[in-house]
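Student: So that we are looking at the same thing, I have put the structure below in structure tokens.
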Amino acid sequence: MNRRDLLKNLLIIPPGIFLGGLFLKTLSLLKKTPLGKISLESIYGKYNPHAHYYAMGIDIDKCIGCGRCVEACKIENNVPREPFFFRTWVERYVITVDGETKVDSPEGGIHGFPEPISEKEILRTFFVPKLCNHCDNPPCVQVCPVGATYKTIDGAVLVDKDYCIGCRYCIQACPYGARYLHPETHTADKCTFCYHRIVKGLQPACVEVCPTGARIFGEVKPRNNPLARFVRFNKLGVLKPYLNTGPKVYYANLDKEVT
Ligand code: SF4
Ligand code: SF4
């Protein structure tokens, strides 16, 4: 039995049977172990994470719901093709004259959207791309019992697959539905801001393919960075701000109906 299986078995034993001092001590030691650091050093190479701090901007008014970002993400990150596994997806909001709001996302919006059908007169429609918010105060990190999900110095939230035991605690804790259990690796999976690309100075795949520039990725601080300009020149909103998760995906022209 390897370390991952051992930890998984420990976690599925009913708490009443095996919540002894040894178990708790094991978990607390594991949580203190800088697992992320070990993994990050091997990923970073010459890249200096201290010199960066990333976020993403999304301009709702520019998104046309074409779904190219969803497709690019699936290909880039080996996300299963089935229409219930996504690292990013697009939702359509349809608002009728009487104030009713309908939300749909057929297959995550990967093939675009058909004309909206409504018995009532439609006031407006718009598209909202969604993904992991790389929260500054992430509930998913707080609940992970083995420290497999962690914040990086440069603003991302990642999962170390070597340590993830597939317990799904983080999937349940994420208030944005941004995580899923990968059916092949049996580990938690989600958007990484295409971390393997950004450490090489490339843009995330979804940003690169967006034909309208609705997605903007970059540095928060340097004033001439596209993301910093987007933050300066737009009135921004985040999803579920009342949860105080500190999302780092900032939306411009975000309607109050969006949750
Ligand atoms: Fe974690 Fe969900 Fe926040 Fe992403 S959006 S950092 S998965 S809580
Ligand atoms: Fe919207 Fe751009 Fe994605 Fe198309 S590629 S759905 S325009 S964010």
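The values are calculated or read from the model by the stated rules, or taken from the named source; none is laboratory data. Given the structure is predicted, the values throughout are model-derived calculations rather than measurements. All Cβ positions, glycine included, derive from the backbone under ideal geometry; neighbour counts span all protein chains shown.
Student: Just give me the residues in segment 61-97 being closer than 16 Å to Thr125 by Cβ, near ligand 2 (Cβ under 9 Å from one of its atoms) and either touching a strand residue (DSSP E or B) at 6+ places or on another chain (Cβ under 6 Å) or in a loop (DSSP other than H, G, I, E, B) (or both), in sequence order.
Tutor: Cys63, Ile64, Gly65, Cys66, Gly67, Val90 - these are the residues of segment 61-97 that are closer than 16 Å to Thr125 by Cβ, near ligand 2 (Cβ under 9 Å from one of its atoms) and either touching a strand residue (DSSP E or B) at 6+ places or on another chain (Cβ under 6 Å) or in a loop (DSSP other than H, G, I, E, B) (or both).
Student: Could you tell me whether Leu227 is in a loop (DSSP other than H, G, I, E, B), at pLDDT 95 or above and among the hydrophobic types (A, V, I, L, M, F, W, C)?
Tutor: no
Student: May I ask you to list the residues in segment 163-200 that are away from ligand 2 (no atom under 16 Å from the Cβ), within 17 Å of the chain's Cα centre (by Cα) and of a type in the set (Phe, Trp, Tyr)?
Tutor: Within segment 163-200, Tyr169, Tyr176, Tyr180, Tyr195 qualify.
Student: Something else about it: Pull up segment 172-206, narrow it to residues that are outside any loop (DSSP other than H, G, I, E, B) and touching a Cys at 6+ places or on another chain (Cβ under 8 Å), then point me to the one that is surrounded by the fewest Cβ atoms within 10 Å (Cβ to Cβ).
Tutor: Filtering segment 172-206 for residues that are outside any loop (DSSP other than H, G, I, E, B) and touching a Cys at 6+ places or on another chain (Cβ under 8 Å), the one surrounded by the fewest Cβ atoms within 10 Å (Cβ to Cβ) comes out as Ala173.
Student: Is there a residue in segment 143-157 that is of a type in the set (A, V, I, L, M) and surrounded by fewer than 19 Cβ atoms within 10 Å (Cβ to Cβ)?
Tutor: There is at least one residue in segment 143-157 that is of a type in the set (A, V, I, L, M) and surrounded by fewer than 19 Cβ atoms within 10 Å (Cβ to Cβ).
Student: Filter segment 239-259 down to the residues that are in a loop (DSSP other than H, G, I, E, B) and either basic (Lys, Arg) or more than 16 Å from Phe126 (Cα to Cα) (or both) and list them by number. Full working, then the answer.
Tutor: So in segment 239-259, the residues in a loop (DSSP other than H, G, I, E, B) come out as 239-240, 244-248, 253-259.
Those that are in a loop (DSSP other than H, G, I, E, B) and either basic (Lys, Arg) or more than 16 Å from Phe126 (Cα to Cα) (or both): Lys240, Asn244, Thr245, Gly246, Pro247, Lys248, Lys256.
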